[in-house]
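Below: one structure, written as structure tokens.
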Amino acid sequence: MVRPILGCLFMAGIVSGCATTPHGDAGTNPAQAGDQPSTVPAAAAGTLKKTADQGHDNDKTTTYEAPVARKNYVPHKWPAPSQDLWSNIRTGFKLDPNDQRRSVRVWTQYYATHTSHLSHALRRAKPFLWHVVHQVEKRGMPTEIALLPIVESGYNPSAKSYVGASGLWQFMPGTADHMSLPRDWWYDGRDDPIASTEAALNYLQSLHQRYDGDWLLALAAYNAGPGRVDDAIAEARAHNKPTDYWDLDLPDETTQYVPQLLALRRIMMTPARFGVNWPTLANAPRTRVVKLPGQTSMKVAAHMLGISEKKLRRLNPGMRRWASEPGGHDKLLVPAAKASAFRSKLARINPSHLIDHRTHVVRRGDSLSRLAQTYGVSVAALRQANNLHSNRIRIGQSLTVPHPGSHESAPPAEPTQTYVVQSGDTLWHIARRYSVSVASLKRANGASVATLRPGQKIRIPGSAKPPAPSTVVVHSGDSLWSIAQANNVTVKQLRRWNRMDKGTPLQPGSTIAVDGPAPLPSYYEVEPGDSLWSIANRFSMQVNTLRSLNDMNSGATIQPGERLRLQPEVSG
């Protein structure tokens, strides 16, 4: 779920399995993931009413009935499945509901009393749900699987976890590679709603076969990794114990993973009983996949579609750069109502007009700064368009020069970026990273940058966003020293960029940034010895900011295992 999922699937299994953490309320911010707890919600558990013994679940002596379940209610009127996609999903439910189990009821309580999380997820599902359901039904899988991205990511295709899991299905890099899901500088298939769905369903089907048709074990392996589930089964057999999902000794996150899915199933069967107003959604695709004739600028495509580039990027978060990959991924997800006209325009247009750039062959005397001035773009934009990690260029090299505006309109001024000062930063470091001068930073920010402090926000004038830091996947036997040597950086830089303390172990399957600061995670799990000051210092923010993000007063304390929000919640 927005933590190691799938590739979370996580680091076990193919290094492990998926760790269950919050789904997101993230809207357009890809760094935002949600705030649903990774264990039984304490607030929900504290308000549950104890009822008669049913002998279910890990608490084998009691079950609980959530007080939100209503006895007198008007049943929800579901449209015909042919007309409504959610209604169609209900007709394909195949899993045992297990609705007398305590954990299923606890998670039912959680979703029914945190309806904003659920409503955000259902809204974000709209552009992608038809494609997911179509693939699930085509494979004959239980349609409960179409609800799994609610658990994983809140149906946010841009959701990121702090350990590197990404997308609707929260693939970790190692699992993405195992499932042949492409990842490169131009494109990340984990964030492609269509490609990642196909990979996730392929993976789930293989797990279903591995566990002899047991979907609950397959789901557990999807979360914890098949290696962890295999070990739990072997341990149970060695002690002559049952080997079904409910009786295995699995990590707590995994014991709560299937109940979350079944809780969604339970609510969907009788939403009015739990006070949930389930929306309707036409049983028709809201988006269509369109094949591109060649490399295409996102700005040009948006113009041809008559929509904003921002909206097009929300549908295609797998596209990491300003254009599709040359000779690589060549599909776009577009609004269904515009797909036909878009295909017609693509068929008629000169392919050279799809690229909002020109090509420059480097000559003697050229430099990035001189070319930037000649073409009216920033040095940072040139570096980003060409995946350059320095300002070094060579004679004869072909450079892509992005056009500063749309292909038919006057070029707008490049926007000013905001940068949050990290521990150890200097104006020189910041200016170098964004390819601007120290003098321009001082002019844009005045006296406020005379002394930098972690967490301070400064303006970067006339800059393009720098390239996302390159990352490497940690393999067994790797060390910070060996990774530093291979990437021509220092161990000290790796620790600073990845916010790692001395002695922090490397986890096989995880990713670390090797040429710049790693993105700020959405959450941090408190470790023994942590204080608000040490956490704020580690993530370059003020203690007051950390308190504000987590609704903590000045006297609040923190405990190991507690999850602290590091980024503001964004409604989607």
At 7 Å along the Cα-to-beta-carbon direction for both VAL362 and LYS345, put a label point, then send me their distance in nm to one decimal.
3.6 nm
So between SER479 and VAL420, what do we pick up on full extension, going 0.36 nm a residue minus the alpha carbon distance?
18.4 nm
Taking R0 as 45 Å, what's the FRET efficiency between ALA272 and SER531 from their Cβ-Cβ distance, rounded to 0.05?
0.45
Stretched out fully, how many nm does the piece from ALA282 to ASP231 gain, at 0.36 nm a residue minus the Cα gap?
14.0 nm
Using the C-alpha atoms of segment 69-111, what convex hull volume per residue, in cubic angstrom, is computed?
96 Å³
If you take the alpha carbon radius of gyration of segment 177-225 and divide it by 2.2 N^0.38 Å, what ratio comes out, to two decimals?
1.27
Inter-probe distance in nm under a simple model that places probes 7 Å from Cα toward Cβ, at GLU562 and ARG547
1.3 nm
What are the ³J(HN,Hα) couplings of segment 320-331, residue after residue, when phi is run through the Karplus curve with 6.51, -1.76, 1.60 and θ = phi - 60°? Round to Hz, x for glycine and proline.
8, 10, 6, 8, 5, 6, x, x, x, 4, 10, 10
Between LEU399 and residues 5 or more places away or on another chain, the pairs with built amide H atoms under 5 Å apart involve HIS360, VAL361, VAL362
Which residues qualify? For ASP84, with a placed amide H closer than 5 Å and at least 5 residues away or on another chain, they are ASN283
Diagonalise the Cα gyration tensor of segment 249-331 and give the resulting equivalent ellipsoid semi-axes, square root of 5 times each eigenvalue, largest first, whole Å.
39, 20, 11
For a Förster distance of 60 Å, can you work out the FRET efficiency between the beta-carbons of LYS502 and GLN83, rounded to the nearest 0.05?
0.50
³J(HN,Hα), Karplus 6.51/-1.76/1.60, whole Hz, each residue of segment 372-379, x for Gly, Pro
4, 5, 5, 9, x, 10, 8, 4
When all protein chains stay in place, what accessible area (Å², nearest 10, 1.4 Å probe) is found for MET304?
20 Å²
Would you mind getting the Kirkwood hydrodynamic radius of segment 122-238 from its Cα pairs, rounded to one decimal in Å?
14.7 Å
Which value, in Å², gives the accessible area per residue of segment 78-205 when a 1.4 Å probe is used on the protein heavy atoms?
29 Å²
For the pairs LYS310/LYS331; LYS160/LYS241; LYS94/LYS126; LYS77/LYS331, flag any whose C-alpha to C-alpha distance is greater than 27 Å.
LYS160/LYS241; LYS77/LYS331
With every protein chain left in place, what is the accessible area of GLU198 in Å² (1.4 Å probe, nearest 10)?
100 Å²
Counting other C-beta atoms within 10 Å, and keeping those with at most 12, which DSSP coil trypsin sites (Lys or Arg not before Pro) do you find in segment 74-131?
LYS77, LYS94
Which sequence of ASP515, ASP84 reflects their accessible areas, 1.4 Å probe, from the largest down?
ASP515, ASP84
Coarse-grained scattering of segment 76-184 at q = 0.19, 0.20, 0.21 Å⁻¹, given as base-10 log I(q)/I(0) from a Debye sum over alpha-carbon atoms:
-1.20, -1.28, -1.35
Step by step: find N for segment 185-317, compute 2.2 N^0.38 Å, then divide the Cα radius of gyration by it. What's the final number?
1.48
Over segment 473-572, with a single point scatterer placed on each C-alpha, what log10 of the ratio I(q)/I(0) does the Debye formula yield at q = 0.16, 0.20 1/Å?
-0.77, -1.04
Considering only protein heavy atoms and a 1.4 Å probe, what is the carbon-and-sulfur percentage of the accessible area of segment 232-318?
47 percent
For THR91, tell me the accessible area in Å² from a 1.4 Å probe, rounded to the nearest 10.
90 Å²
For VAL289 and SER352, compute 0.36 nm times the residue count separating them, minus their Cα-Cα distance, and round to one decimal in nm.
20.5 nm
THR197, THR451, reordered so the largest accessible area comes first (probe 1.4 Å)
THR451, THR197
Between ASN387 and ASP177, what's the calculated FRET efficiency when r is the beta-carbon distance and R0 is 22 Å? Round to 0.05.
0.65
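The values are calculated or read from the model by the stated rules, or taken from the named source; none is laboratory data. Bear in mind the structure is a predicted one, so any value in this text is a computation, not a measurement. Please note: Cβ atoms are built from the backbone with ideal geometry, for glycine as well, and neighbour counts cover all protein chains shown. Accessible surface areas use protein heavy atoms only, side chains included; no ligands, DNA or RNA. Shrake-Rupley method; radii C 1.70, N 1.55, O 1.52, S 1.80 Å.
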